Structure formats: structure tokens, C-alpha cells
Amino acid sequence: MKLINNINNSNNTEVDFETYLKNYPDKNGFFGKYGGSFIPEELQAAMNEITHAYHTIGRSARFIAELSRIRREFQGRPTPISPLERLSDFLGGNVRLYAKREDLNHTGAHKLNHCMGEALLAKFMGKKKIIAETGAGQHGVALATAAAYFGLECDIYMGAVDIKKQAPNVSRMKVLGARVVEVNDGLKTLKEAVDAAFLAYMREYKNAIYCIGSVVGPHPFPMMVRDFQSIVGIEAREQFTTMTGKLPDAVVACVGGGSNAMGMFSGFLDAPVDIYGVEPLGRGPALGDHAASLKYGTEGIMHGFNSIMLKDENGEPAPVYSVASGLDYPSSGPEHAFLRDCGRVKYDVIGDEETIDAFFTLSRLEGIIPAIESSHAVAYAMKLAKTMEKGSILINLSGRGDKDMDYVLEKYGMR
């Protein structure tokens, strides 16, 4: 499958999606003009070490065999695909909806897929500590779990606002032995947590590894996280064709930084399948009321990578908002920016109200309480189904909603 993109505007480039995963990113970590590594020289040496380790240790037979064993015996992979029969009938019945159940992955979300990979790499490299940020807390829980599994120290940086919203996950991290560091700068959410984690890593990089929680950050993290998450798309494609005899007509996933989406999308980029990434519109399109960077942002560099970001009047990262703590980030992964520009993936938005309605609808019709992040994808799939005469939609249900229960009921009540 080939597409023409306009990444450089003046220079059309052919993208062959049959060989895409082998060719992107390039050796410097760029997806077209997006990505790269824009960090201090001293920290670049640490990134080069991680890159070298990933290309050597991370692709060795021993590493791959150990990670496969962990996925099978500890994570509980493969996760299943569930037909959403009652939801499909509720929407008219002509379009059938399915969910890839990453909520059934150990710790309750897709995050453990790359956390176990990153922590295993750290162990092979002889590192003693892993450092990370978290928004919704699922990445923090997954990394704390990985640290406990491998016997590593673990520091998790989290904004004070998110600590309050995601109290159950904060408790889980602490029970697992992680040190949760409260961040009180700025808006006290995900962007500030990333800032603080980067500063900590600059001080401790000789004995620690920074385990980024999404397909963002300087090279090699967008590539590494995508590759570790690609197990979602690999499984989903095989499972769906076995279950139905054909590919889905559409694949849908939520996008903040975009790790769950890239994991799912990577399995279908070379297939005749429509792919949709769903960003949080929040309260509306005004700056500060949403976190839809791909919809409303412009090109810019933050946290060591070039992508599409939301900016204030001074060109700095703008304040963002989402009902989902895991999506309130003012940029998106560079690969998502690339796929947007070349037209392979359509990125659209869903607001808070539709998201919360989908949260309750899926819970009551299917017995599945989704994470608020995942509820964005569910809401969009429900909306998309109403525009289709027939066909099938596969939703990446990236996490479960246990962590969100208190917040949803306190803010929205029982619907």
C-alpha cells in the first residue's frame, strides 16, 4: 500500500507502507521532518547509549525470548477481542463494533507493554533505577510494577492535580514500592511532570534510565515505545481476521501522546483499513479548553522532539485541558504528526460530554467500564458507526476505568 505525502510541502515523498516500519524513523529518529533529538549534549550521550542498547541488546534472541515469556506468563497476553454485540445493536445493528481488550492486560492498560520492555532493557544495561512521569497514573503503575518485577528503584513524577484525580493509582504505585514525586509547577499536570522527570534524569542518567510513557520525547523513545506497543496491532489483526474472516473496515484509538494508538495502528498501516486517531476536545476549541494538538496546533519543539504542539502567544507550550489525565499533553508523538500529514490516519476530536456518555453506555450495555482515555475512542466509534451503512469498527480499549470511578461520580454524578 503506497501513499503520497506532502511532508515537505514543496517535495512530495512516496511512502510505502508495506516497508514502513523498517524505514521510519530514519537513523536520526525523524519521521519526515518530525521527531529527532533536541536535548543538551551531555544528555545526548545517554540517549545514544539507550539507542545502541535497543538496537543490539533489544533485538537479541535472548532479550526477545525473555520479553515474550514475560508477556505470556506475567502480563497475560494475548489480550482478547470482544464483540460489542449490545452496543452494536443499540446503534442500529448494521455496523458491528469490537474492542481490543487492553484493559485485561496486567495492571489494567496497554502501558505495561512498553514498561516491561524498557525495564528489561534497563536491567540488561546494568541500570539501578527507572525514572518516569505519569498523568492518568497507568504508566506510573505499570512502571512501578516493572520495577518491582526486576528489582529496580523507581521514581514517578506526577502533577499535583493528577495526584488528586487519580488517587487509586497513586496508592497502587506506592504499594508497589515506587516513590511518587508530587509536581507543583505550572498547571500541575502531565506537561509539568515530564519537565520534572527530565530534570531528574539529567542528574541521574549514569545509574538510571528514563522510561518515557508514550511515543514522545527524543529519539529513540518514539521508536522504542511504538515497537514495544506493536504487539497490540499484531495480535489484533490476527485475532480479528480469525474471528470474522476479514479485516475491520475501521480502527479507532485515542491519542494524547499516542502510545496505545501507535501500537494498534502499526498493525494496520499496510492494510486497506480506515484508521482514526481521536484527540480530546475537552470543553471546546478555545485555547486552554482542550488538548487537541494535531487538530489545532502548529509545528514546534518541546521535551526534546519536533512535532505538532499547542502554543501560547509567546510560542511556548500552551495550557491544556482534558477530562482524561492521560490525554492532557500539549503535543503529540512525532509519528502521529507524520501520519497526519501524509494522510494515512485521520485525526479528529471528541469532547468531554460525549466521552462521559460513552463511559456510561459501554459500562451498562457491555459490562466493561472503560478508562476515560479509552472512552474518547468509544465515543468516536459510536459516532462513526452512525455514518456507515454497514461494516465493522475495531476500538482499542486501552485501559479500564477503575482509576476514574471516584472522579467521574464526583464531577458528573450517576447518569
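Below are the figures for this structure:
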item: Per-residue HN-Hα couplings for region 227-242 [Karplus 6.51, -1.76, 1.60; θ = phi - 60°; Hz; x = Gly/Pro]; result: 5, 5, 7, 4, 4, 5, x, 4, 4, 4, 5, 5, 5, 5, 5, 5
item: Long-range amide H partners of Lys311 with built H, under 5 Å; result: Thr298, Ala318
item: Label of the coordinate-derived value, Cα Rg over 2.2 N^0.38 Å, listed as [x] 0.90; [y] 1.09; [z] 1.02; result: [x]
item: Over 27 Å (Cα to Cα) - which of Lys33/Lys165; Lys188/Lys295; Lys123/Lys295; Lys123/Lys311 fall in this group; result: Lys33/Lys165; Lys123/Lys295; Lys123/Lys311
item: Region 21-35 - phi-based ³J(HN,Hα) in whole Hz, Karplus 6.51/-1.76/1.60, Gly and Pro as x; result: 5, 7, 9, 10, x, 7, 5, 9, x, 9, 9, x, 8, 9, x
item: Max mean-square fluctuation residue, GNM over the chain, Cα-Cα springs under 10 Å, options Val251, Val161, Val278; result: Val161
item: Accessible surface of Thr355 - all protein chains present, 1.4 Å probe, nearest 10 Å²; result: 0 Å²
item: Accessible-area ranking of His52, His139, largest first, probe 1.4 Å; result: His52, His139
item: Choice from Gly256, Gly367, Gly351 with maximal GNM fluctuation in the chain (Cα, 10 Å cutoff); result: Gly367
item: Gaussian network model of the chain, Cα within-10 Å springs - most flexible of Ser171, Ser293, Ser37; result: Ser171
item: DSSP bridge pairs, region 278-383: antiparallel proportion in percent, nearest 5; result: 65 percent
item: Heavy-atom SASA rank of Arg71, Arg59, Arg226 (probe 1.4 Å, accessible area, largest first); result: Arg59, Arg71, Arg226
item: Residue order for Asp270, Asp312, Asp404, Asp185 - accessible surface, 1.4 angstrom probe, largest first; result: Asp185, Asp270, Asp312, Asp404
item: Considering only the chain, percent of DSSP beta bridges that pair antiparallel, nearest 5; result: 35 percent
item: Shape call, region 296-415: gyration tensor on alpha carbons, a/c limit 1.5; result: oblate
item: Neighbourhood charge, 15 Å Cβ-Cβ cut-off, centred on Gly76 and excluding it, Lys, Arg +1 and Asp, Glu -1; result: +4
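The values are calculated or read from the model by the stated rules, or taken from the named source; none is laboratory data. Since the structure is predicted, the reported quantities are computational estimates derived from the model, not experimental observations. Here Cβ is always computed from backbone atoms with ideal geometry, including for glycine, and neighbour counts include all displayed protein chains. Side chains are part of the model used for accessible areas, which takes the heavy atoms of the whole protein and leaves out ligands, DNA and RNA. Shrake-Rupley method; radii C 1.70, N 1.55, O 1.52, S 1.80 Å.
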